[in-house]
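Heads up, the thing below is written out as structure tokens.
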Amino acid sequence: MEYGDYQCPYCAAANPVVRFLESRYGPALTVVFRHFPLIEVHPLAAPAAEAAEYAADYGRFWQMHDAIFANQHRLSTQLLFAIAGTLQLSQMGLRDSIARSLHADKIRADFIGGVRGGVNGTPTFFVNGLRHHGGFTTPELAASIQAAMDAMAPVH
């Protein structure tokens with residue numbers, strides 16, 4: 001589980017690592033993303049989270065998620081609308097979702113859950129409910145994942 005912020009450069013750097021690990025471990029690894037927008041320093045994180053959740057309503061969360069991070073260097077509301085168009089999502093629907101904060105409750109619940117779990121920055125990872133205290137490089141995250149898998153392996 002990752003607590004992340006779409007405007008955080010470290011989260012953008014971690015995204016390809018997470019995607020690689022997801023392909024490496026296959027169905028043995030389930031990735032969950034929780035919103036932790038640090039709006040005081042990242043004012044576009046909340047509308048980006050809203051856009052991701054709007055896309056989720058149409059089964060396109062991960063496509064929007066990856067596209068936001070891939071284009072983070074030019075993140076803007078216009079970019080979010082462009083991505084929505086590319087994903088064949090209604091730009092008017094996205095505009096309404098952002099304007100009315102239709103997914104604010106879910107985003108807030110993610111944030112509060114993170115705060116309760118001790119999250120104070122992004123990205124923060126948990127593997128099988130345990131906080132990952134290392135960095136977010138492939139070897140570091142893979143070690144935490146492997147340790148969790150080894151701990152779950154049956155003892156003979």
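The values are calculated or read from the model by the stated rules, or taken from the named source; none is laboratory data. Just so we're clear, the structure is a prediction, and the values are computed from it rather than from any experiment. Positions of Cβ are backbone-derived with ideal geometry, glycine not excepted, and every protein chain shown enters the neighbour counts. Each accessible area value is taken on the protein alone, full model and side chains, heavy atoms only, with ligands, DNA and RNA left out. Shrake-Rupley method; radii C 1.70, N 1.55, O 1.52, S 1.80 Å.
Per-structure values
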read-out	value
Among 100-107, 29-36, the order from most to least packed when residues are scored by Cβ within 10 Å on average	29-36, 100-107
Coordinate range along principal axes, alpha carbons of the chain, Å, largest first	57, 30, 25
Most mobile listed residue (51, 12, 70) in the chain, GNM with C-alpha springs under 10 Å	70
Computed Kirkwood radius, in angstrom, where 1/r is averaged over Cα pairs of the stretch 30-97	11.9 Å
Net charge dipole size for the stretch 37-156 [Lys, Arg +1 and Asp, Glu -1 on Cβ; Debye, nearest 20]	140 debye
Residue-normalised accessible area of the chain, expressed per residue, 1.4 Å probe, Å²	53 Å²
Under Karplus coefficients 6.51, -1.76 and 1.60, residue-wise ³J(HN,Hα) of the stretch 145-153 in Hz, glycine/proline x	5, 5, 4, 5, 5, 5, 5, 8, 5
Within the accessible area of the stretch 1-149 (1.4 Å probe), percent carbon and sulfur	57 percent
Distance (nanometres) between label positions extended 7 Å along Cα→Cβ at residue 77 and residue 152	4.1 nm
